Amino acid sequence: MPEAIRPKQLSDALDALTGGNARIAAGCTDLFAMTEAAELRGRWVDITGLADLRGIVETGSAFRIGAATRWAEVLAHPLPAGFDGLKAAAREVGAVQIQNSGTVGGNLCNASPAADGVPPLLTLAAEVELVSTRGSRTLPLADFLTGPRRTALAGDEVMTAVLVPKAATGGVARFRKLGARHSLVISIVMAAGRLVARDGRVDEIALAVGAASSVARRMAALEQALAGQPLAGLAASDTRTGDGRAFADRRYPCQRRLPAGGGDDRVARAGWRSGRRSGGRAMTRLTVNGKAHQSVASPMRRLSSVLREELGLTGTKVGCDAGDCGACTVLIDGAPVCACLTPLGQAEGCAVERSRPRTRCSSGCVPPSFAMARRNAGSARREC
């Protein structure tokens, strides 16, 4: 039986991580996609209950993006034009359901070479803030990512924020990705750029490429070659510079699987702190379609599994178990999410409404049209 806590204070999360036996969970959109199990086993610290890790704040010299900030929040927040590349990447982080669940910090800590958020953040000279009971430290994002699925995060540390200096937010910014289809796809290659022009010339430029090497990288030699060049000649110029070493690295797989029954159960179970316990299990209270329910399932069990198997609400369908098909879409407090990628504990105290699809898209999938219509002012999305 897994141990899972969802603390409300950062100090409680740090205490739980002391010793390095626990793992951090946030949006869980990657964690559940990497296993076929109905629940995540082992010792987990869910940081989505930490209010201090949510939202975007402007300070005197930087923009502070909380590590548990959802991608949908990035899209909705007013930011300078230099963030347009990051916002474009946010629109590519899966479907709307994934954007409502996935977090900025989770995208970085997962350390996929194809993580959409990394290249635009590199062009913004982003740094990450890491905190433990030993203190705090700040690292450039380029130094934080050490390889495919590898970071500089210590076992007792939490990423608390992404810091973007205001000096790096000028100009215009763009993001593009190439995949096997138009949307909901892992990148074959992606690029982000930010340009500051002055007097018709390149005054400042930042370029980054992802999914082409073990980690996304800034294209320093290309940036140097373009600095000071007239804007009119950029489109026709030959900008090959030898920075192709970034593409010489071996391509690494961007997916891995977690064992169905794996995990570390050596520590005493502390339970889900936000709920009461019953028979050794945490009790999660939620409202589903207007009716109050209680569940003693693991807080790290897929919400779709609880709805179907425990509550008998089989109208929530299960297709891919990876957040691609959208068949399991439900609304949590009005926001569409994938129930197959949402842990039960994150629905604690929330209103859950089953999506009732009404239309089919051209690919045959059944989108949650009423949820999309609500989000898009009455116009249902016609895409997967």
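Just so you know, all these numbers are worked out from the coordinates, no wet-lab data involved. The model shown is predicted, which means the values in this text are computed figures rather than measured ones. Backbone-built Cβ (ideal geometry, glycine too); neighbour counts: all protein chains shown.
Place the peptides 204-215, 30-41 in order of packing, highest mean first, counting for every residue the other Cβ atoms within 10 Å and averaging per peptide. Could you put the intermediate results ahead of the total?
Details: 204-215: 21.8, 30-41: 20.0.
The most tightly packed comes first, giving 204-215, 30-41.
Using modelled amide H (1.01 Å from N, peptide plane; none on Pro or chain starts), what sits under 5 Å from the amide H of residue 44, excluding residues fewer than 5 places away?
3, 4, 5, 23
Of 87/177; 87/317; 8/166, which pairs sit farther than 25 Å apart, going by alpha carbon to alpha carbon? Mind dumping the intermediate values first?
Details: 87/177 13 Å; 87/317 31 Å; 8/166 30 Å.
The pairs that break the limit, which is 25 Å between Cα atoms, are 87/317; 8/166.
Working from the pairwise distances between different alpha carbons, so that the mean of 1/r is found and then inverted, what is the range 57-120's Kirkwood radius in Å? Could you put the intermediate results ahead of the total?
Values: mean 1/r = 0.0835 Å⁻¹.
One decimal place: 12.0 Å for the Kirkwood radius.
Rounded to a whole number of µm²/s, how large is the Stokes-Einstein D of the range 155-223 at 4 °C and 1.567 mPa s, given Rh as the Kirkwood radius over C-alpha pairs? Write out the running numbers ahead of the final one.
Values: Rh = 14.4 Å.
After rounding, the answer is 90 µm²/s.
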